[in-house]
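Here is the structure we will look at.
No lab work stands behind these numbers, since they all come straight from the coordinates. Since the structure is predicted, the reported quantities are computational estimates derived from the model, not experimental observations. Note: ideal-geometry Cβ built from the backbone for every residue, glycine included; neighbour counts use all protein chains shown.
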Amino acid sequence: MRSDISKIDNRVYIEQIKGIYKQSTTAIISPIVIGAAYVSIFWGEADHTLLLIWLSCIVAVAILRIAPAIYFPKRKSDENIELWGRLHISLSLCGSLVWGVAFVAFASTEKHILNVIIVLFMTGICAISTSSYIGYLKSQLAYFLPAVVLGTVNLLLIGNNKDISLAIGMMIYISILLRNSNRTNRMIVDAIKLNFQFEDEIEKRKGVEKELLEFSRRDGLTGLFNRRHFDEMLLVELQRAQRSAHPLSLVLFDIDYFKKFNDTYGHVEGDHCLQEVSRVIQEAVQRPGDLTARYGGEEIVAILPNTNSKNAYAISTTILEKIRALKIPHLASNLQHCKFVTTSAGVATIIPTTDTKPSDLIKLADEALYHAKGAGRNRVCESL
């Protein structure tokens, strides 16, 4: 259970990092725009050289964000996702410190209105961090907290009552923001985690449904497909052969004197015999589209799409040889020169028309099997 929780937490973390990198455009452009606005406001109040140097630092941090923004979506795996997360936090921290310098360096001890403007910019930085990075709390905090703390402390150090009031108001604002950010982040993380849990549950249910569907298609004893699935697929292959005008072959196998085998060796050995014969047939019929099914009792049927009569006959002959090679004893067999388990096979091949029904092909294969039995068994016969 711990392993499952750890995997989900890791997937949540990956989703968080993906989310913050989706905001790269905002992270690159908004500091430059806001920084330019900040410089324009303080242009007549502060040293121009200092303002331009500071703005250059803002632009430099924004430029540093460009490469990660480009390469993060192109990464081939999430193996180094933690490094991407740390890189984003580091760049957010750098940007925040640059803003913190502005809030300290350009604060005024004489013009209170300038400090009010600084506080407005601080709340703006907080708003940007919340809207962009609320999904990953560490990046959000790195984006605004150093800048706001530096600016707030500086207001306290200026010391006049108005600026102290601004600082106190800012501290209250930060406290509320931190509390709400933590709560909102937790809700987002829980929502992402719940979504992954739902996805996993859906995948598990799909897996179970697939297993149940496969189980419902299979014969419990032989592992071959059952009669119902055979009927469904024969219709599908017949319709496909009608459209393509390609031959469709059907081979019906029957274990010779199987009732006598059961009477002599018992039903347990009879089941084992049927399983071995089924395995041989299934291993020989492995092309895409081929299908092997238990038709009923000791009869096994194979659908061979796009197979002419010559190839179907050759495949069937090879299967009969492999079954004889099993050398399963069958002393009760009526065959004079072979006291091992053998099979008979009836092959039917048609190029179906629009009027052809599945029962038509089955009837032809059944008649061919009847001829094989009548001719002495242990052989393959084709439909006439």
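General observations
- Rounded tilt (10° steps) of 309-325 against the dominant C-alpha axis of the chain: 80
- Taking the C-alpha atoms only, the angle from helix 227-244 to the longest principal axis of the chain is near 80 degrees.
- Nonlocal amide H pairs with E382, under 5 Å, H built at 1.01 Å: V347
- For segment 51-61, Karplus couplings with θ = phi - 60° (6.51, -1.76, 1.60), whole Hz, Gly/Pro x: 4, 5, 4, 4, 4, 4, 5, 4, 5, 4, 5
- Residue-wise HN-Hα coupling along segment 326-334, computed from phi with Karplus coefficients 6.51, -1.76, 1.60 (Hz; x: Gly, Pro): 5, 6, 7, x, 8, 5, 8, 5, 7
- Loop-located trypsin sites (Lys or Arg not before Pro) across segment 73-119 with a Cβ neighbour count of 10 or fewer within 10 Å are K74, K76, with loop assigned by DSSP.
- Relative to its residue count, segment 2-202 spans a Cα convex hull of 112 Å³ per residue.
- Loop-resident GluC sites (Glu not before Pro) (DSSP state other than H, G, I, E or B) in segment 269-339 with no more than 11 further Cβ atoms inside 10 Å of their Cβ are absent.
- For segment 2-202, with +1 on Lys and Arg beta carbons and -1 on Asp and Glu, the positive-most of T123, P73, T109 along the dipole: P73
- In this entry, segment 227-382 is assigned a mean projected area of 8.5 nm², taken as a quarter of its C-alpha convex hull surface.
- From phi via Karplus (6.51, -1.76, 1.60), per-residue ³J(HN,Hα) for segment 99-112 in Hz, x at Gly/Pro: 5, x, 4, 5, 5, 8, 5, 10, 6, 10, 8, 10, 9, 4
- For K260, the lysines whose Cα comes closer than 23 Å to its Cα, not counting residues fewer than 8 places off in the same chain, are K322, K327, K339, K373.
- Relative contact order %, the chain, counting alpha carbon pairs below 8 Å whose residues are six or more apart: 13
- Of all lysines in the structure, the ones whose alpha carbon falls short of 20 Å from that of K162, not counting any fewer than 8 places away in one chain, are K111.
- Tail beyond 16 Å, pair distance distribution of segment 78-147 (Cα, percent): 52
- The C-alpha atoms of the chain define a longest principal axis, and helix 24-42 lies at about 10 degrees to it.
- Once log10 I(q)/I(0) by the Debye sum over Cα atoms at q = 0.11, 0.13 Å⁻¹ is calculated for the structure shown, the corresponding label among (i) -0.82, -1.00; (ii) -0.96, -1.09; (iii) -0.95, -1.22 turns out to be (i).
- Spatially proximal lysines relative to K22 (Cα-Cα < 27 Å; intrachain offsets below 8 disregarded): K7, K74, K76, K138, K193
- For segment 87-243, the fraction of alpha-carbon pairs in successive 5 Å shells from zero, as %: 2, 8, 12, 12, 10, 8, 6, 4, 4, 4, 4, 5, 5, 4, 4, 4, 3, 2, 1
- Pair-distance distribution of segment 1-119: all C-alpha pairs, bin width 10 Å, starting at 0; shares per bin in whole percent are 12, 35, 24, 17, 9, 3, 0.
- Relative contact order %, segment 2-202, counting alpha carbon pairs below 8 Å whose residues are six or more apart: 25
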